[in-house]
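Here's the structure we're looking at; comments come further down.
Readers should treat all values here as calculations from the given coordinates under stated rules, not as data from a laboratory. Worth saying up front: this structure is predicted, and the values here are computed from it rather than measured. With ideal geometry, Cβ positions are generated from the backbone for all residues, glycine too; neighbour counts draw on all protein chains shown.
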Amino acid sequence: MKKTETNAALREAINELTALHGKNAVRTFDQMPECVIYPTDFYEFNQASNCGGFPMGKLIEISGPPSSGKTTLAWQILAQIARITGKKILLMDNEESTSKTYLIALGVPVEQIYIPELEEHTVEMNFEFMEKLLATGAFCGCILDSVAVMTTKAELESVDEKGLEGNDMMLKAKLLTKALRVKGPDLRATGASIIFINHIMSKPQSGPYVNLGDPEETPGGNAFKHHCDMRIYLKPLDYVTKQVASDKDPKKKVNVKIGRNVRLKFIKNRVGEPFGEATMTLRNGKGFDVITSAIKRGIDSGVVVRESKGEHRLKDDPTIKASSYNNFWNLFAVNPKLLQVLLSKLNGKAVKYDPSEFDLTVESRDVTASEIGASEEDVVEVAPKTGSFSKDEITG
């Protein structure tokens, strides 16, 4: 068959399929819509994702040990996207433990959050509400917190009949696999990203192969390993301390714990290259540290100039400067509005401000614990050792 004949046959086949299944039944790759990526305020996250930021219209799992910042990371990223797009955030609060005060401290626009009141925290009801609400197009994302807490209708009926006895461990895993397989394409088509918060649990320790493989896994079986577009694993590392002046006695210097470092690992990534890693600082009561990320990005982009003697300054404003990185960080911690100025500059936006509005005296005095959002109750002598990924770390 000649080339002209094959092309004619192809056009005829495409026309027939288009008549049966719609306009976009068959497309070339160039005609496929590109994934929308929003750069986050976390420079380390953007680099480790290998796609430049946070993807939209995807199924994403964030897992890790308790207090590793799973929910905090999800909120900070979706809050930024909600401010940019003006859309709302859907919260499937299965744990019923979300604090409005904490969300406000993170800068989340709480007036844009919608929380369904579920009669039962089942997989079926969670997906029913998500599918119906996200299909409206009014939401930029959804946080399901958490997978481990969800149950199934069959499990609840079994409890009513038999009490808490019986083994129903596989019911939820099978149902989640089916739900993601059947409903996943429709959820992605809404353009909203669904973030599943997942815990880490130990595998049952029995049988002759108890010591083989990774002893940890995430609830839900293989559902998220197979069907999620991106999986992020968080691992808490060492505590972060800073030397500051005591609020009670400004002449006395103390080391206070302001948070801890957390390692992010992209153990699955369909949007970019997988296995990217980054270390970010989770500040006590403040969320992940935007200041450190902004300074790193500023240095790499040239917005912030780092001199050979350690001095840091804004390239287009020599009045915003400090003799060391520590004092430069303190400058933005003491002046939250100045941080917004830096973020605007990094995003290429023109911003007008008066340097006299800010407290630029951090060079001539010691910053106190309360000024950087720390508490003297967290005074420490020596920080714990830094952790790292082991050979048996989760790899998806």
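For a quick check, take a GNM of the chain with Cα springs below 10 Å and name the residue from 237, 17, 133 with the largest mean-square fluctuation.
17
Of all DSSP beta bridges in the chain, what percent run antiparallel (nearest 5)?
So the antiparallel bridges in the chain amount to around 60 percent.
Show me the trypsin sites (Lys or Arg not before Pro) within the stretch 1-92 that DSSP assigns to loop and that have at most 13 other Cβ atoms within 10 Å of their Cβ.
Taking the stretch 1-92 and a limit of 13 other Cβ atoms within 10 Å, the loop trypsin sites (Lys or Arg not before Pro) found are 2, 23, 27.
In the P(r) worked out for the stretch 1-137, what percent of Cα pairs fall beyond 27 Å?
For the stretch 1-137, the fraction of Cα-Cα distances above 27 Å is 42 percent.
Kindly provide the helix-only [θ] at 222 nm of the chain, computed as the sum of -39,500 (n - 2.57) over DSSP H runs of four or more divided by all residues, to the nearest 500 deg cm²/dmol?
Mean residue ellipticity, 222 nm, calculated: -10000 deg cm²/dmol.
Tell me which residues come under 5 Å, amide H to amide H, from residue 237 once H is placed; ignore anything under 5 positions away on its chain.
Correct list: 261, 262, 263.
To the nearest 0.05, how large is the calculated FRET efficiency for residue 377 and residue 105 if R₀ is 25 Å and r is the Cβ-Cβ distance?
For residue 377 and residue 105, the calculated efficiency is 0.90.
Debye calculation, C-alpha points only, no solvent: report log10 I(q)/I(0) for the stretch 210-280 at q = 0.22 Å⁻¹, in the same order as the q values.
-1.03
Using 7 Å Cα-to-Cβ label points, what is the residue 13/residue 253 separation (nm, one decimal)?
In this crude spin-label approximation the distance works out to 7.5 nm.
Using 0.36 nm per residue of separation minus the Cα-Cα distance, give me the extension gain between residue 154 and residue 307 in nm, one decimal.
In short, 48.6 nm is gained.
With the crude spin-label approximation of a point 7 Å out along Cα→Cβ, what separation in nm comes out for residue 67 versus residue 118?
2.6 nm
What residues have an amide H closer than 5 Å to that of residue 268, excluding those fewer than 5 places away on the same chain, when H is modeled at 1.01 Å from N in the peptide plane?
231, 275
Within the P(r) computed for the chain, what percentage of the Cα pairs occupies the region above 33 Å?
Tail of P(r) above 33 Å: 43 percent of Cα pairs.
Name the most mobile residue of 12, 111, 95, meaning the one with the largest mean-square fluctuation, in a Gaussian network model of the chain with Cα contacts below 10 Å.
The residue with the greatest mean-square fluctuation here is 12.
Multiply the residue separation of residue 37 and residue 84 by 0.36 nm, subtract the distance between their alpha-carbon atoms, and state the gained length in nm to one decimal.
That pair, residue 37 and residue 84, stretches by 15.7 nm at full extension.
With 16 Å as the cut-off, how large is the P(r) tail for the stretch 120-202, expressed as percent of Cα-Cα pairs?
Result for the distance tail: 56 percent.
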